[in-house]
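Here is the structure we will look at, set down as structure tokens.
The values are calculated or read from the model by the stated rules, or taken from the named source; none is laboratory data. None of these values were measured; they are calculated from a predicted model. Reconstructed Cβ throughout: ideal geometry from the backbone, glycine too, with neighbour counts over all protein chains shown. The accessibility values were calculated without ligands, DNA or RNA, using every heavy atom of the protein model including side chains. Shrake-Rupley method; radii C 1.70, N 1.55, O 1.52, S 1.80 Å.
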Amino acid sequence: MPAPGGVWRLETRAEDVPPHFIDLLIAAEDARFRWHPGVDPLAIGRAAFQWVRAGRVVSGGSTLSMQAARLLEPRPRSLRAKLIEAFRALQLEARHGKQGVLRIWLTLAPMGGNLEGVRAGSLAWFGQEPRYLDPAQSALLVAIPRRPEALRPDRHPQAAEVARARLLQ
């Protein structure tokens, strides 16, 4: 049965995916995930410097913990929302730890259409449980949440292929 709003969301924990999935996720989204308390001052400093220098947002400073906070409490993008996400990320890490943050991200990450979470994405796009994902399949499921509608493999196979290939490099 779908969750409210017709969304297919299936709980997924870090133990439910192969280790290479978690390694790829961390490498792609938050290289210092294991060392920061939920907010990465270096990433925020880099993003702020690039913003000032370019006059526009060039790259984000969000950590996986901040992404998990945004998935739990979506808000319109603004500096205020980013500050709330940072505060919530610190709370999430303090209360649930790294494994809890991963569980939230793995369960709520948008996978295109009405799919949420890596398990729902794995079953829909590959017809298998996430523990059986190969590196290429894992890369696609890490990429999709960045642009869930634009990277749907059923509607935009070429864009999905390019995004997957970029993550595998």
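Which residue out of Arg53, Arg75, Arg9, Arg46 is farther than 22 Å from Arg147 by Cβ and open to solvent by 20 Å² or more (accessible area, probe 1.4 Å)? Spell out the reasoning first.
Working: Arg75 fails: farther than 22 Å from Arg147 by Cβ; Arg9 fails: farther than 22 Å from Arg147 by Cβ; Arg46 fails: farther than 22 Å from Arg147 by Cβ.
Result: Arg53 is the single residue among Arg53, Arg75, Arg9, Arg46 that is farther than 22 Å from Arg147 by Cβ and open to solvent by 20 Å² or more (accessible area, probe 1.4 Å).
Just checking, does the stretch 143-151 include any residue being in a loop (DSSP other than H, G, I, E, B), open to solvent by 20 Å² or more (accessible area, probe 1.4 Å) and under 27 Å from Asp40 (Cα atoms)?
Initially, the stretch 143-151 is screened for residues in a loop (DSSP other than H, G, I, E, B), giving 147-151.
Imposing the further condition that a residue be open to solvent by 20 Å² or more (accessible area, probe 1.4 Å) reduces the set to 147-150.
Still in the list and also under 27 Å from Asp40 (Cα atoms): 147-148.
Scanning the stretch 143-151, I find at least one residue that is in a loop (DSSP other than H, G, I, E, B), open to solvent by 20 Å² or more (accessible area, probe 1.4 Å) and under 27 Å from Asp40 (Cα atoms), so the answer is yes.
When you scan the stretch 15-34, do you find a residue that is open to solvent by 100 Å² or more (accessible area, probe 1.4 Å), basic (Lys, Arg) and assigned to a loop (DSSP other than H, G, I, E, B), even just one?
Checked the stretch 15-34: at least one residue is open to solvent by 100 Å² or more (accessible area, probe 1.4 Å), basic (Lys, Arg) and assigned to a loop (DSSP other than H, G, I, E, B).
Within the stretch 118-138, which residues are assigned to a helix (DSSP H, G or I) and open to solvent by less than 50 Å² (accessible area, probe 1.4 Å)?
Filtering the stretch 118-138 for residues assigned to a helix (DSSP H, G or I) gives 118-126, 130-132, 135-138.
Listed by number, the residues that qualify are Val118, Ala120, Gly121, Ser122, Pro130, Ala136, Gln137, Ser138.
Any chance you could count how many residues in the stretch 94-110 are without any contact (Cβ under 8 Å) to a residue 60 or more places away in the chain, within 16 Å of the chain's Cα centre (by Cα) and either under 14 Å from Phe33 (Cα atoms) or crowded, with 23+ Cβ neighbours inside 10 Å (or both)? Explain how you work it out, then say what you get.
Within the stretch 94-110, the subset without any contact (Cβ under 8 Å) to a residue 60 or more places away in the chain is 94-97, 100, 104, 109-110.
From the residues that got through so far, the ones that are within 16 Å of the chain's Cα centre (by Cα) too are 100, 104, 109-110.
Checking which are either under 14 Å from Phe33 (Cα atoms) or crowded, with 23+ Cβ neighbours inside 10 Å (or both) leaves us with 100, 109.
Total meeting the criteria: 2.
Output the qualifying pairs, or none if there are none: Cβ atoms under 7 angstrom, residues six or more apart or on different chains, first residue in the stretch 147-159 and farther than 14 Å from Ala124 by Cα, second residue surrounded by 15 or more Cβ atoms within 10 Å (Cβ to Cβ) and basic (Lys, Arg).
none
Among the candidates Gly113, Gly38, which residue alone is in contact with a Lys or Arg (Cβ under 9 Å, 6 or more places away or on another chain), surrounded by fewer than 19 Cβ atoms within 10 Å (Cβ to Cβ), modelled with pLDDT of 85 or more and on the phi > 0 side of the Ramachandran plot? Spell out the reasoning first.
Values: Gly38 fails: surrounded by fewer than 19 Cβ atoms within 10 Å (Cβ to Cβ).
Sole residue among the options that is in contact with a Lys or Arg (Cβ under 9 Å, 6 or more places away or on another chain), surrounded by fewer than 19 Cβ atoms within 10 Å (Cβ to Cβ), modelled with pLDDT of 85 or more and on the phi > 0 side of the Ramachandran plot: Gly113.
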